[in-house]
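Peer 1: One structure, as structure tokens, below. Some questions next.
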Protein chains: 2
Amino acid sequence: MPTTPDQKLWTRTRQAVHAEVARIAMGLFLERGFEATTIDDIAVAAGISRRSFFRYFGTKEDIVLGDLAAHGELIREELEARPAAEDAWTALINALRHAPRLGQDDVTMLKISKMLYGTPSLRARSLEKHLQWQALLTPEIRRRLGVAPDDEHDLRADAIVACVLMCVDVAGEAWTRSAGSQSLEDLLLEAVAAVRGSAADA
Amino acid sequence: MPTTPDQKLWTRTRQAVHAEVARIAMGLFLERGFEATTIDDIAVAAGISRRSFFRYFGTKEDIVLGDLAAHGELIREELEARPAAEDAWTALINALRHAPRLGQDDVTMLKISKMLYGTPSLRARSLEKHLQWQALLTPEIRRRLGVAPDDEHDLRADAIVACVLMCVDVAGEAWTRSAGSQSLEDLLLEAVAAVRGSAADA
DNA sequence: AGCCTATCTGGCACTTAGTGTCAATCGGTC
DNA sequence: GACCGATTGACACTAAGTGCCAGATAGGCT
């Protein structure tokens, strides 16, 4: 159907297949568990070959965590857009609070979270993603600290970013444990307050 | 040689083999790299079968990180031995500072650190170990915060422990980057100071 | 010594993740 | 219709990790 060739067709096709495979795979994961689902299962269910699966996703974990890289980019943009008057902590936390959530409904999110925190290989990958976010956000925090964005000697920015992201993680885990009974945002502020002693504005 | 049967023989034998295999494997890792060394290589070099290797180490990463679990236990003991007058942060940091290092010389440690921070699978496992430490240390921190040690609703202790361990990680990375030119302890205090604004006593 | 049991060991087969290669195919263009 | 570039599936391969089984060996018991 070459009706709207606004982009290369196979680019659109590729994205469509990617999304479709991810959708089917997530369905299988939530149904029978992440580790119990093999890549062969996914390939069969999605109607593609095993080999083709690996052309769309580098690893099985990437199906669940693949979007996190893009999400980190959004947070970085949000962070750089924060007013210059905000100090490093405030800007970082507000960037996280205001970053657009690219997500499902809460019930599905909770299921995914439970899977994420309960599956070792997924947990490990998710921590690695946090490391990527860290590298992404640190330069801007260095700037707000009055240091050159590429100054590797000053580890203050690294420490601050790492701690805030750790707070996100702790909050996420608490949110999952409590089955979403408290808002993720409140939990994040609570965690940060425990570390800092004060919270940020709206 | 059943000269000193102070313990079961095969217990001592097992520990000896474990240590020997670890020694040989670490040699191979440092010589040709972690990922470039297969388990078959290690088994051949150690004179055991592939199958037996997995009876001593669950994964290849465990050779490098296996001792960390025991190390976490030492830190917990150190933490519980800190005077009651010390607040959560101070006790935690001092416990980390005074915990006995079960280590090699600095040159070897630096090589291992570089391998650790430079190999994704090792990095991931090391972060998982930090999670174990977190679970190990959180109850005592909760106690110092005046909460029940098993109170899962209060995430303050989780946040504090997570942040301090993240500071350890950031300090370790900076130490590795700077090739050990600054002491790890100073870097840790610097990282914590960036988060808190003040340091602990000696 | 002889027996019994628990443990360790090596070998084999198996599953799963992930990669390299290659010939066939399909969309889009001239 | 012919050409070009990207995609695809099939096959073979490496490497991690697990299950199973039969043989060796240490230690205890009589």
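Peer 1: Looking at (1) within 30 Å of A:Ser181 (Cα to Cα); (2) in the same structural domain as A:Gln182 (by TED's automatic domain parsing); (3) free of Cβ contacts under 8 Å to residues at least 24 places away in the same chain, can you tell me which one A:Thr138 breaks?
Peer 2: The number of the failed condition is (1).
Peer 1: Tell me which residues, restricted to region A:25-40, are assigned to a helix (DSSP H, G or I), surrounded by 12 or more Cβ atoms within 10 Å (Cβ to Cβ) and near DNA strand C (Cβ under 8 Å from one of its atoms).
Peer 2: Start the filter on region A:25-40 by keeping residues that are assigned to a helix (DSSP H, G or I), which leaves A:25-32, A:39-40.
Checking which are surrounded by 12 or more Cβ atoms within 10 Å (Cβ to Cβ) leaves us with A:25-30, A:39.
Matches in region A:25-40: A:Ile39 only.
Peer 1: Pairs only if they're at least six apart or on different chains, beta carbon under 7 angstrom, first in region B:34-59 and farther than 14 Å from B:Ala19 by Cβ, second among the charged types (D, E, K, R) and more than 8 Å from DNA strand C (Cβ to nearest atom); list them, first residue then second.
Peer 2: Listed pairs, sorted by first residue: B:Ile39/B:Lys60; B:Arg50/B:Asp40.
Peer 1: May I pose another question? So A:Glu80 ticks every box in (1) part of a helix (DSSP H, G or I); (2) within 16 Å of DNA strand D (Cβ to nearest atom); (3) not hydrophobic (A, V, I, L, M, F, W, C) but one. Which box is left unticked?
Peer 2: Failing condition for A:Glu80: (2).
Peer 1: To continue, here is another question. Any chance region B:125-137 includes a residue that's modelled with pLDDT of 95 or more, farther than 18 Å from A:Tyr117 by Cα, more than 9 Å from chain A (Cβ to nearest Cβ) and surrounded by 19 or more Cβ atoms within 10 Å (Cβ to Cβ)?
Peer 2: yes
Peer 1: Would you mind telling me which numbered condition in (1) among the aliphatic types (A, V, I, L, M); (2) farther than 27 Å from B:Ser178 by Cβ; (3) more than 8 Å from chain B (Cβ to nearest Cβ) A:Val161 fails?
Peer 2: It fails just one condition, (2).
Peer 1: I've got another one for you. May I ask you to list the residues in region A:169-183 that are more than 18 Å from B:Asp151 (Cβ to Cβ) and surrounded by fewer than 20 Cβ atoms within 10 Å (Cβ to Cβ)?
Peer 2: Keep residues of region A:169-183 that are more than 18 Å from B:Asp151 (Cβ to Cβ), which gives A:169, A:172, A:180, A:183.
Of everything in region A:169-183, those that are more than 18 Å from B:Asp151 (Cβ to Cβ) and surrounded by fewer than 20 Cβ atoms within 10 Å (Cβ to Cβ) turn out to be A:Gly172, A:Gly180, A:Ser183.
Peer 1: Now a separate question. Inspect region A:111-124 for any residue being within 14 Å of another protein chain (Cβ to nearest Cβ), aliphatic (A, V, I, L, M), in contact with a helix residue (DSSP H, G or I) (Cβ under 7 Å, 6 or more places away or on another chain) and within 16 Å of DNA strand D (Cβ to nearest atom) and give the result as yes or no. Talk me through it step by step, then tell me what you get.
Peer 2: Step one: of region A:111-124, the residues within 14 Å of another protein chain (Cβ to nearest Cβ) are A:116-124.
Then keep just the ones that are aliphatic (A, V, I, L, M); that gives A:116, A:122, A:124.
Restricting the remaining residues to those that are in contact with a helix residue (DSSP H, G or I) (Cβ under 7 Å, 6 or more places away or on another chain) gives A:116, A:122, A:124.
Pick out the ones that are also within 16 Å of DNA strand D (Cβ to nearest atom) and you get A:122, A:124.
So far as region A:111-124 goes, yes, one or more of its residues are within 14 Å of another protein chain (Cβ to nearest Cβ), aliphatic (A, V, I, L, M), in contact with a helix residue (DSSP H, G or I) (Cβ under 7 Å, 6 or more places away or on another chain) and within 16 Å of DNA strand D (Cβ to nearest atom).
Peer 1: Just to be sure, is B:Ile75 under 26 Å from B:Val147 (Cα atoms), within 14 Å of chain A (Cβ to nearest Cβ) and more than 11 Å from DNA strand D (Cβ to nearest atom)? Reasoning before the result, please.
Peer 2: Numbers: under 26 Å from B:Val147 (Cα atoms): yes; within 14 Å of chain A (Cβ to nearest Cβ): no; more than 11 Å from DNA strand D (Cβ to nearest atom): yes.
Here the answer is no, as B:Ile75 does not meet what is asked.
Peer 1: Since B:Arg144 meets every condition but one in (1) touching a residue at least 24 places away in the same chain (Cβ under 8 Å); (2) under 28 Å from A:Glu128 (Cβ atoms), which condition does it not meet?
Peer 2: Of the numbered conditions (1) touching a residue at least 24 places away in the same chain (Cβ under 8 Å); (2) under 28 Å from A:Glu128 (Cβ atoms), the odd one out for B:Arg144 is (2).
Peer 1: Do the conditions hold for B:Ile24, that is, is it within 16 Å of DNA strand D (Cβ to nearest atom) and under 22 Å from the mean Cα position of the chain (by Cα)? Don't jump to the end; show me each part of the working.
Peer 2: Details: within 16 Å of DNA strand D (Cβ to nearest atom): yes; under 22 Å from the mean Cα position of the chain (by Cα): yes.
Yes; evaluated as a whole, the condition is true for this residue.
Peer 1: I'm trying to understand the selection: among the residues of region A:48-65, which are more than 14 Å from chain B (Cβ to nearest Cβ), near DNA strand C (Cβ under 9 Å from one of its atoms) and under 18 Å from A:Leu30 (Cβ atoms)?
Peer 2: Selection gives A:Phe57, A:Lys60.
Peer 1: Something else about it: Being surrounded by 16 or more Cβ atoms within 10 Å (Cβ to Cβ), closer than 19 Å to B:Val192 by Cα and not basic (Lys, Arg) is true for just one of A:Ile93, A:Ile112. Which residue is that?
Peer 2: Working: A:Ile112 fails: closer than 19 Å to B:Val192 by Cα.
Step by step, each of A:Ile93, A:Ile112 is checked, and only A:Ile93 is surrounded by 16 or more Cβ atoms within 10 Å (Cβ to Cβ), closer than 19 Å to B:Val192 by Cα and not basic (Lys, Arg).
Peer 1: Report yes if A:Leu188 is of a type in the set (A, V, I, L, M), on the phi < 0 side of the Ramachandran plot and facing chain B (nearest Cβ under 9 Å), otherwise no. Break it down into steps so the answer makes sense when it comes.
Peer 2: On the way: of a type in the set (A, V, I, L, M): yes; on the phi < 0 side of the Ramachandran plot: yes; facing chain B (nearest Cβ under 9 Å): no.
Against the criterion (of a type in the set (A, V, I, L, M), on the phi < 0 side of the Ramachandran plot and facing chain B (nearest Cβ under 9 Å)), A:Leu188 does not qualify.
Peer 1: In this structure, is A:Lys111 touching a Gly at 6+ places or on another chain (Cβ under 8 Å) and either touching a residue at least 40 places away in the same chain (Cβ under 8 Å) or among the hydrophobic types (A, V, I, L, M, F, W, C) (or both)? Reasoning before the result, please.
Peer 2: Numbers: touching a Gly at 6+ places or on another chain (Cβ under 8 Å): no; either touching a residue at least 40 places away in the same chain (Cβ under 8 Å) or among the hydrophobic types (A, V, I, L, M, F, W, C) (or both): yes.
In short, no.
Peer 1: Pull up region A:165-184, narrow it to residues that are among the aliphatic types (A, V, I, L, M) and either without any contact (Cβ under 8 Å) to a residue 40 or more places away in the chain or part of a helix (DSSP H, G or I) (or both), then point me to the one that is farthest from the other protein chains (Cβ to nearest Cβ).
Peer 2: Let us first name the residues in region A:165-184 that are among the aliphatic types (A, V, I, L, M), namely A:165-166, A:168, A:170-171, A:174, A:179, A:184.
Within this subset, residues satisfying the condition of being either without any contact (Cβ under 8 Å) to a residue 40 or more places away in the chain or part of a helix (DSSP H, G or I) (or both) are A:165-166, A:168, A:170-171, A:174, A:184.
Working: A:Leu165: 8, A:Met166: 4, A:Val168: 10, A:Val170: 5, A:Ala171: 7, A:Ala174: 5, A:Leu184: 12 Å.
Here the residue is A:Leu184.
Peer 1: Shifting gears a bit: Scan region A:64-71 and tell me whether some residue there is part of a helix (DSSP H, G or I), closer than 30 Å to A:Gly197 by Cβ and within 15 Å of the chain's Cα centre (by Cα). Walk me through how you get there before you give the answer.
Peer 2: If we filter region A:64-71 for residues that are part of a helix (DSSP H, G or I), which is where we start, we get A:64-71.
Of the ones still in play, those that are also closer than 30 Å to A:Gly197 by Cβ are A:68, A:71.
From what is left, the residues that are within 15 Å of the chain's Cα centre (by Cα) are A:68, A:71.
Yes, region A:64-71 contains a residue that is part of a helix (DSSP H, G or I), closer than 30 Å to A:Gly197 by Cβ and within 15 Å of the chain's Cα centre (by Cα).
Peer 1: Under 6 Å between Cβ atoms, which residue pairs at least 6 apart in sequence (or on different chains) link something in region B:11-29 that is over 9 Å from B:Ile42 (Cα atoms) with a partner that is outside any helix (DSSP H, G or I)?
Peer 2: Within 6 Å, the pairs are B:Phe29/B:Thr37.
The values are calculated or read from the model by the stated rules, or taken from the named source; none is laboratory data. All values reported here derive from a predicted model rather than from experimental measurement. When we count neighbours, we look across all protein chains shown, and the Cβ atoms used for this are built from the backbone with ideal geometry, even at glycine.
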